[in-house]
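The values are calculated or read from the model by the stated rules, or taken from the named source; none is laboratory data. It should be emphasised that the depicted structure is a prediction, and the values quoted were computed from it without experimental measurement. Backbone-built Cβ (ideal geometry, glycine too); neighbour counts: all protein chains shown.
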Amino acid sequence: MTDSTAVDTSAPGVSPDRNANGGAPRNSGGTTGAGKAPSKVGDIAFKGISTLAAWLIMAILAGVAIFLILKALPAITANWSQNSELNEGPTAGWANFWAYSGPLIFGTLWSSLLALLMGAPVAIGIALFISHYAPRRVAGVLGYLVDLLAAVPSIVFGLWGIFVLRDFLKPLNDFLNSTLGWFPLFAGTQQGDGSNVISGTGSTILAGAMVLAVMILPIITSISREIFLQTPALHEEAALALGATRWEMIRLAVLPYARSGIVSATLLGLGRALGETMAIAMIVSPGLLYSFKLLTDGENPQTIAANIAVNFPIAGDLQRDALIGTGLMLFVISFAVNFIARWIVARTAPDARRRTRSRKVKTA
Amino acid sequence: MLERQNTVKLTSIAQGAAVVAVAAIALTACSSNNNSSGGATSAATTTAPSVDYSSLSGTITAGGSSAQGNAEAAWITAFQAQAKGVTINYDKSQGSGGGVTNFLNGSYDFAGSDSPLKAEQTTQAATTCAPGGAIDLPIYLDGVALIYNVSGASKLNLSAATIAKIFNLQITDWSDPAITADNGGTALPAGPITTVARSDGSGTTQNFTNFLTGMAASDWPYPAANSWPVEGNVSKQQGGSAVASTVDSTAGAIGYVDHSATNGLKSAKVASVNGIAFTPEAAGASLTDGAVPAPNGVQGDLSLKFDYAKLQASKSAYPIPLVSYAILCTQFKNATQGKLTTAYLGFVASDAGQQVAAKNAGSAPLPAATLSDIQKSLALVK
C-alpha cells in the first residue's frame with residue numbers, strides 16, 4: 001500500500017486503540033533514527049545491500065520471463081497437427097498452441113472469478129466487522145484466526161475439499177439443479193439419451209472455487225482491515241455527529257476512503273486465486289473446454305496451474321515446453337492483473353484523498 | 001536506547017553470518033559426500049545375485065514411475081537393511097516422463113517407467129550410455145483393477161466390451177442388460193453410473209486404454225493414450241488414490257486404479273474382468289501367456305508388449321496387466337556405480353525382492369522365467 005504512509009501522516013486523529021488493533025507497526029522511530037545514523041560504513045553497507053536486493057528481484061523476474069519464453073518457443077512455433085509427440089497424451093487433438101491454451105486461460109479466469117465473487121464480499125465483511133463492529137478483544141482474536149488461515153498449506157485445503165466439502169455440497173448441487181436447472185449455470189451434462197446429469201462425485205468447479213474463496217479470504221481481509229482502520233477518526237466522528245447510523249457512517253466515511261484499498265486487496269486475492277494449483281488439481285474434475293456450468297463432473301474448465309501440475313510428470317520434452325508455454329500465459333495474466341490493480345489504485349487514490357480532504361474541511 | 005539498537009543489529013548480523021556459515025558447511029558436507037561415494041571401492045566381482053551386500057557402499061540416484069514407487073520404497077528398505085553402506089534415492093514424484101528425461105540427460109543411474117523407451121529415446125540413450133545402450137527391464141508387475149460402488153452388489157463381472165461401453169458412456173445405468181448378461185442373468189439395482197478416471201497423465205490410463213483398444217476395439221473409438229480421452233459425464237481425479245477414494249465415496253461410481261491401490265476400500269469393491277479376478281497368479285499368467293518380446297535392439301533388452309488376442313484366449317490370465325520397467329545403461333560411466341546399481345536391481349529381480357514388493361506394495365511377483373531373464377541381462381551390464 002504505497003498510499004498508506006501518506007494517509008497516516010495526514011490523519012493524526014487515528015485513535016490509539018485503533019493503532020494497537022491494526023497491528024501494523026507505524027515505525028515511529030524510523031524517520032528519526034535515520035537522521036542519526038551511527039556510522040557511515042553501516043549506511044553505505046545497508047544502501048548497498050538494499051540496492052542489491054532491488055536489482056536482484058529485477059534480475060530474477062527477468063530471468064523467469066526469459067526462461068519461460070525460451071522454453072515455450074519450441075511448443076508455440078511447433079506444428080501441432082503434424083507433430084507426433086504433441087499428438088499423443090495430454091496435448092493431443094489441438095490445432096496449435098493457442099487453441100490448447102485457450103480453454104486453460106478461460107478456466108483459470110473463470111474459477112478465479114467465481115472464487116472472487118464468493119470470497120471478496122465475505123472477506124470485506126470480516127474486515128469491517130473486525131475494524132468497526134467487534135469488541136476489541138474479539139477483533140484481535142478474529143484477526144489472528146484469519147491470518148492463520150493464510151498459513152494453512154493449500155494441500156490441506158485440497159484434502160478438506162475432497163473429504164469434506166465435496167460430499168457436503170452434494171445436496172446443494174441437487175437442490176440447485178432441480179430448482180434452477182433451467183439456468184445455464186446450474187444445468188447438467190447432456191447425455192447420449194438426452195437426459196441431464198450433474199456431478200455424482202461432487203468434484204465440481206463450484207467446490208473448487210469455494211475452496212479457492214476460503215484461500216483468498218485472509219489476504220483480502222487483512223489488507224482491507226488495515227485500510228478501514230486508517231479511516232480518519234474525524235470523518236467517522238463527524239458522520240456520527242451528523243446523525244448517521246453505524247452503517248451510514250461506514251458507507252459515507254469508511255468505504256469511499258477505502259475504495260482503492262479494497263480494489264487492490266481484491267486484485268491481490270485474484271492473483272492468489274489465479275496461481276493456485278494443488279487445491280484445484282485435487283478437487284475439480286477438469287476438462288480442456290469452455291463451459292460455465294457449475295455442477296458437472298465433465299464440464300469444468302481446467303486451470304493453467306493445475307494442468308501443469310497433473311501433466312508435467314508424464315509429459316515428454318515438447319509437451320513440457322507446451323506446459324511451460326501455458327505457464328508463460330499465466331505469467332502474463334498475473335502481470336496484467338497486477339498492472340490493472342496498480343492502475344486502478346493510481347486512478348482512484350488521489351481522487352479519494354481529495355474527497356476526504358475536502359470533507360475534512362467541511363466537517364472542520 | 002541508541003546503543004541497545006546497535007547491539008541488537010550487531011547480534012542479528014552475527015546470527016546471519018552464523019546461518020551462512022552453517023549453510024556453507026552443509027554444502028561442503030554434501031559435496032564431499034558425493035565425492036566419497038563415487039570413490040568407495042567394492043569387492044563384489046561375481047554376478048549380481050551372489051554379491052556380498054555388506055561390502056557395497058555408495059549412492060544410487062533414480063526416479064520415475066509412481067506406479068512402482070511403493071514397491072521401490074519397500075525394496076530400498078529391504079536392500080539397505082542388508083547393504084548398510086548404500087543409499088538409494090528413488091524420486092517417484094518425477095513420473096515416468098520425468099524419470100526418462102533425467103535418465104537420458106545422465107542424472108539417474110536408472111529410471112522407473114511404465115513404458116519402455118520409445119525408438120527415438122533409445123537412439124538418444126545410445127549417446128548417454130555410449131559405448132553401450134539402454135535396456136528396459138520389467139521389474140514390476142501389477143494389474144489395473146476396476147473398482148465399483150454399488151450397494152447390494154458384492155460381486156461383479158464385466159466383459160471387455162461392457163467395460164468399453166460403460167467408460168465410453170454408452171451404458172449409463174447399472175441395470176443395463178449388458179451388465180446383467182455379464183453376471184449370469186442377475187440384474188444389478190438400477191442407478192446411474194458415474195465413471196471415474198485420472199485427470200493426470202498416467203501409465204495406468206495407458207495400460208487401461210491399451211486393454212480397451214486391444215480387446216474391445218469395436219466399442220472403444222479412441223486410441224490408447226496416457227491421458228483419458230472421453231469427455232462428458234466423467235469425473236477425473238488426480239492420482240490413483242484419489243480415484244479410489246472418490247469411487248469409495250460415490251454411490252454408483254466405477255473407476256480404474258492400480259490393483260495395489262485397492263487396499264482400504266470401504267464401500268467399493270473390485271470387479272472381475274472377463275470372468276477372471278485379479279490374483280498374483282492371474283497376473284503372472286498374463287505375463288507368461290500374453291506378453292510378447294518387443295526388443296529395442298540392444299542386447300539384454302527385455303521390453304515387452306501384451307498381445308490382447310492371446311490374453312483373451314487365455315483362460316487364466318488377468319486381462320489388464322500393468323508392467324513397469326527399470327531402464328538402465330548397459331555400460332556405466334563409472335564401473336563401481338554400475339556394480340552398485342546391478343546389485344540393487346539384482347535384488348529387486350530376485351524371489352525375495354518380488355515377495356517384499358508383493359507384501360508391502362500389493363504387486364504381483366514376476367514369474368521365475370522373467371526373473372532369470374532379468375538376471376541374465378543384468379550380468380551383461382558393465
When only residues in the stretch A:286-327 that are in a helix (DSSP H, G or I) and within 20 Å of the chain's Cα centre (by Cα) count, which is farthest from the other protein chains (Cβ to nearest Cβ)? A:G327
Condition check for B:S202: within 14 Å of chain A (Cβ to nearest Cβ), of a type in the set (S, T, N, Q) and closer than 17 Å to B:I320 by Cα: yes
With the condition being modelled with pLDDT of 85 or more and more than 25 Å from the chain's Cα centre (by Cα), I'd like the helices (runs of 4 or more DSSP H) fully within the stretch A:13-119 carrying at least 2 qualifying residues. A:40-77
Among residues of the stretch B:310-341, those that are touching a residue at least 40 places away in the same chain (Cβ under 8 Å) and not in a loop (DSSP other than H, G, I, E, B), counted: 18
Could you look through the stretch A:162-186, keep only residues that are within 14 Å of chain B (Cβ to nearest Cβ) and touching a residue at least 60 places away in the same chain (Cβ under 8 Å), and pick out the one that is farthest from A:A279 (Cα to Cα)? A:N177
Considering residues of the stretch B:103-113 that are within 14 Å of chain A (Cβ to nearest Cβ) and free of Cβ contacts under 8 Å to residues at least 60 places away in the same chain only, the residue farthest from the chain's Cα centre (by Cα): B:N105
Restricted to the stretch B:358-376 and to residues being among the hydroxyl-bearing types (S, T, Y) and buried (at least 22 other Cβ atoms within 10 Å of the Cβ), the residue farthest from the chain's Cα centre (by Cα) is B:T370
Does B:V100 count as within 14 Å of another protein chain (Cβ to nearest Cβ), more than 30 Å from B:K269 (Cβ to Cβ) and in contact with a Leu (Cβ under 9 Å, 6 or more places away or on another chain)? yes
Could you say which residue among B:S96, B:S113 is closer than 23 Å to A:L323 by Cα, at pLDDT 85 or above, among the polar types (S, T, N, Q) and touching a helix residue (DSSP H, G or I) at 6+ places or on another chain (Cβ under 6 Å)? B:S113
Residues located in the stretch B:232-272, provided they are within 16 Å of A:G200 (Cβ to Cβ), in a loop (DSSP other than H, G, I, E, B) and facing chain A (nearest Cβ under 8 Å): B:G232, B:N233, B:T250, B:A251, B:G252
So, of the residues in the stretch B:169-204 that are charged (D, E, K, R) and assigned to a loop (DSSP other than H, G, I, E, B), which turns out to be modelled with the lowest pLDDT? B:D200
Which pairs do you get when a residue that is more than 20 Å from A:G327 (Cα to Cα) and within 14 Å of chain B (Cβ to nearest Cβ), found in the stretch A:83-100, comes within reach of a residue that is of a type in the set (A, V, I, L, M) and surrounded by fewer than 18 Cβ atoms within 10 Å (Cβ to Cβ), reach meaning Cβ atoms under 8 angstrom, with the pair 6+ apart or on two chains? A:N83/A:L318
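Given A:I216, A:I227, A:I262, A:I205, which one is closer than 28 Å to A:P153 by Cβ, under 19 Å from the mean Cα position of the chain (by Cα) and within 14 Å of chain B (Cβ to nearest Cβ)?
Working: A:I216 fails: within 14 Å of chain B (Cβ to nearest Cβ); A:I227 fails: within 14 Å of chain B (Cβ to nearest Cβ); A:I262 fails: within 14 Å of chain B (Cβ to nearest Cβ).
After ruling out the rest, the residue left standing is A:I205.
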Selection from the stretch B:273-306 of residues more than 17 Å from the chain's Cα centre (by Cα), closer than 23 Å to B:T122 by Cβ, not in a strand (DSSP E or B) and not β-branched (V, I, T) yields B:A294, B:P295, B:N296, B:G297, B:Q299, B:G300, B:D301
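For A:S84, are the conditions met, namely being of a type in the set (G, A, S) and loosely packed, with under 14 Cβ neighbours inside 10 Å? Reasoning before the result, please.
On the way: of a type in the set (G, A, S): yes; loosely packed, with under 14 Cβ neighbours inside 10 Å: yes.
Yes: the conditions hold for A:S84.
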Got a sec? Which of B:G240, B:G232 is modelled with pLDDT under 90, touching a strand residue (DSSP E or B) at 6+ places or on another chain (Cβ under 9 Å) and on the phi > 0 side of the Ramachandran plot? B:G232
Do we have A:L270 as crowded, with 19+ Cβ neighbours inside 10 Å and over 18 Å from the mean Cα position of the chain (by Cα) here? no
Would you mind stating whether B:P116 is surrounded by fewer than 24 Cβ atoms within 10 Å (Cβ to Cβ), in a loop (DSSP other than H, G, I, E, B) and either more than 11 Å from chain A (Cβ to nearest Cβ) or of a type in the set (D, E) (or both)? no
What number of residues within the stretch B:205-231 satisfy the criterion of being more than 10 Å from chain A (Cβ to nearest Cβ) and assigned to a helix (DSSP H, G or I)? 12
So, of the residues in the stretch B:139-168 that are part of a helix (DSSP H, G or I) and among the aliphatic types (A, V, I, L, M), which turns out to be farthest from the other protein chains (Cβ to nearest Cβ)? B:A160
So which residues in the stretch B:347-357 are assigned to a helix (DSSP H, G or I), buried (at least 23 other Cβ atoms within 10 Å of the Cβ) and in contact with a helix residue (DSSP H, G or I) (Cβ under 6 Å, 6 or more places away or on another chain), if there are any at all? B:V348, B:G353, B:A357
